[in-house]
1. Which of the residues that make up segment 31-46 are modelled with pLDDT under 90 and buried (at least 17 other Cβ atoms within 10 Å of the Cβ)?
2. For the structure I just gave you, tell me whether residue 49 is surrounded by 14 or more Cβ atoms within 10 Å (Cβ to Cβ) and closer than 30 Å to residue 169 by Cβ.
3. Name, by its number, the condition in (1) under 16 Å from the mean Cα position of the chain (by Cα); (2) modelled with pLDDT under 75; (3) under 16 Å from residue 48 (Cα atoms) that does not hold for residue 162.
4. Answer yes if at least one residue in segment 118-139 is in a loop (DSSP other than H, G, I, E, B) and closer than 18 Å to residue 59 by Cα, and no otherwise.
């Protein structure tokens with residue numbers, strides 16, 4: 001009886017299997033396209049971020065240059081200007097020393113980041129970007145980001161990597177768990193069928 005039910009269910013589901021395979025193939029292609037298009041924009045975002053970073057660096061250097069000019073006119077170094085200003089009794093003047101120090105640190109940090117990003121190789125760029133990223137500049141870059149059609153070797157490389165990552169994520173997140181659940185379900189059904197068969201056989205002997 002149970003075997004007959006399983007056979008009937010299999011017959012009813014048989015026409016749906018090609019549709020399932022077709023849907024899976026279509027999903028593969030859609031994910032490949034999305035992955036390729038999405039990751040291929042990484043080099044463009046990188047360039048736009050680098051341009052904005054350069055603008056912030058120019059601005060930071062211009063602000064620092066004014067303090068350096070004051071130090072030169074006073075016949076001292078920038079470090080001495082910072083320490084002298086911090087040592088003043090008047091609190092507003094003392095705080096100005098912290099402002100100058102922060103401006104110096106900002107300019108040096110942005111300069112280091114820009115140099116690292118400009119000299120990073122193709123495969124190093126993601127790690128270098130994560131190591132030196134300024135979240136505020138990145139957020140502003142994203143707000144005005146304009147996608148572009150990748151026409152460089154770098155864009156093609158990132159597009160290919162996007163396809164592979166999308167397929168890997170699809171396999172790990174959906175396909176493998178689905179297959180494990182299907183095996184478990186079939187095993188459960190098979191076990192139920194064996195239990196039902198044993199019970200039927202036992203009942204037949206008891207009679």
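1. Matches in segment 31-46: 31, 32, 35, 36, 39, 40, 41, 42, 43, 44.
2. It is true that residue 49 is surrounded by 14 or more Cβ atoms within 10 Å (Cβ to Cβ) and closer than 30 Å to residue 169 by Cβ.
3. Only one criterion in (1) under 16 Å from the mean Cα position of the chain (by Cα); (2) modelled with pLDDT under 75; (3) under 16 Å from residue 48 (Cα atoms) is unmet by residue 162, namely (3).
4. Yes, there is a match, as at least one residue in segment 118-139 is in a loop (DSSP other than H, G, I, E, B) and closer than 18 Å to residue 59 by Cα.
The values are calculated or read from the model by the stated rules, or taken from the named source; none is laboratory data. No experiment lies behind these values; they were computed from the predicted model shown. Heads up, the Cβs are rebuilt from the backbone with ideal geometry, glycines too, and the neighbour counts pull from every protein chain shown.
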